[in-house]
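One structure follows; several queries about it will come next.
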Amino acid sequence: MKQIELKQICKSFDDMTVLKNLDLTIEEEEFLTLLGPSGCGKTTILRIIGGFEEPDSGQVLFEGKDITKIPPHLRPINTVFQQYALFPHMNVEENVGFGLRMKGVNKEEIKKRVERMLKLVNLAGYGKRRVDQLSGGQKQRIAIARALVNEPEVLLLDEPLGALDMKLRKEMQLELKRMQQELGITFIFVTHDQEEALTMSDRIVVMNEGVIQQMGDPKDIYDEPQNRFVADFIGDSNIVEGVMHADYDVSFSGHRFVCVDKGFAPEEPVDIVLRPEDLELVAPEQGMLVGKVESCLFRGVHYEMEIDVQGEIYKSQSTKSMEVGALVGITIAPDLIQVMHKSTKKGAMA
Ligand code: ATP
């Protein structure tokens, strides 16, 4: 069911337009991620949903009601910021219970709810600890507990894992997902880390320069990028130019391929996305394309190669290594060739 709707939101700072006629619908209980490069407007969207920023024009609806002018503390929405902003003079349980004390909830009830939250974030028994005795990951979990204890219907998370090291970050990604599923509330998550977005989200909104480029579930976004920006931003990819002759018939790098795409104009110039792991390396005489290995690097699980095909460099991944300078054939299955319309500057949905 629709929970939050942003309708035709415009926002400028000074003379700079940050969001232009943005429409976005967020469903109840979904884990939605706003993903895009620094400065594309993700935080501004979050702040508008939270009520910390008012749009210049447009509307914010919550369950059909206009909340555009309602202040943050009256919205059923809580926020976790990148800087945890815990109160240093309070211990863990005082920090978590702060919002409830402000609301005048009775002591017994606060104790019960704080304990439940500490258990949820895997910090049961930490209530009496001082905040400066916690690790970065533990502080972040306390910040999350402090937001969740108010039982919001929506939790906004602005790059909450940005300050954590890689291992902790991965652990917290899984924990956040578990919490969201356990509580059944809506999470709106901001990140510029595509892997994080792919791991956690039910739905990803890819943005660039204040414009939504594509929305979809992680697999759709990865497998079927709608334009060059999305293909480039999400995962490693080869993007080459080609021509779509007719339905299911495309050529690039001097070879004609069968593909699964259709609906393009006859002889339409297109961009093709090929994921490095989807190129199958074979003997040169068996290849649809033939190229020369320019480099071969060991990456732990696989080798990463650059292959020169008629002056075009293809990135490839394989569990077998190849000798630099060797000739190699490449085959690509029809369903692993992703054909896109040439991008307009602002993307497919502009
Ligand atoms: P990041 O990942 O770096 O946080 P973002 O996608 O969240 O980026 P926003 O924080 O939404 O981007 O900012 C979008 C643009 O608006 C940026 O160019 C930023 O400098 C500008 N901006 C944001 N807030 C303000 C403000 N209060 N005053 C002036 N400019 C602002």
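Can you tell which of Lys7, Lys20 is of a type outside the set (Ser, Thr, Tyr), in a strand (DSSP E or B) and within 13 Å of the ligand (Cβ to nearest atom)?
Every option except Lys20 fails the conditions.
I'm checking my understanding of the structure. Among residues of region 254-291 that are free of Cβ contacts under 8 Å to residues at least 40 places away in the same chain and not charged (D, E, K, R), which one is farthest from Asp220 (Cα to Cα)?
Gly291
For region 27-92, give me every one of the strands (runs of 3 or more DSSP E) that falls completely inside it and has 1 or more residues that are in contact with a strand residue (DSSP E or B) (Cβ under 9 Å, 6 or more places away or on another chain) and modelled with pLDDT of 95 or more.
Fully inside region 27-92 and qualifying: 31-35, 57-62.
Looking at region 178-186, is at least one residue within 16 Å of the ligand (Cβ to nearest atom), crowded, with 18+ Cβ neighbours inside 10 Å and part of a helix (DSSP H, G or I)?
Checking region 178-186: not a single residue is within 16 Å of the ligand (Cβ to nearest atom), crowded, with 18+ Cβ neighbours inside 10 Å and part of a helix (DSSP H, G or I).
Which ones in region 190-244 are in contact with a Phe, Trp or Tyr (Cβ under 8 Å, 6 or more places away or on another chain), part of a helix (DSSP H, G or I) and polar (S, T, N, Q)?
Scanning region 190-244 gives a single hit, Gln194.
A further question follows. Tally up the residues in region 127-152 that are assigned to a loop (DSSP other than H, G, I, E, B), under 19 Å from Lys170 (Cβ atoms) and in contact with a strand residue (DSSP E or B) (Cβ under 6 Å, 6 or more places away or on another chain), please.
So the answer is 0.
Restricting to region 35-61, name every residue that is within 17 Å of the chain's Cα centre (by Cα) and near the ligand (Cβ under 8 Å from one of its atoms).
Gly36, Pro37, Ser38, Gly39, Cys40, Gly41, Lys42, Thr43, Thr44, Ile45, Leu46
Could we say that Gly99 is on the phi > 0 side of the Ramachandran plot and either away from the ligand (no atom under 15 Å from the Cβ) or surrounded by fewer than 21 Cβ atoms within 10 Å (Cβ to Cβ) (or both) here?
no
The values are calculated or read from the model by the stated rules, or taken from the named source; none is laboratory data. Quick caveat, the model's predicted, so the values are computed rather than measured. Cβ atoms come from the backbone with ideal geometry, glycine included; neighbour counts cover every protein chain shown.
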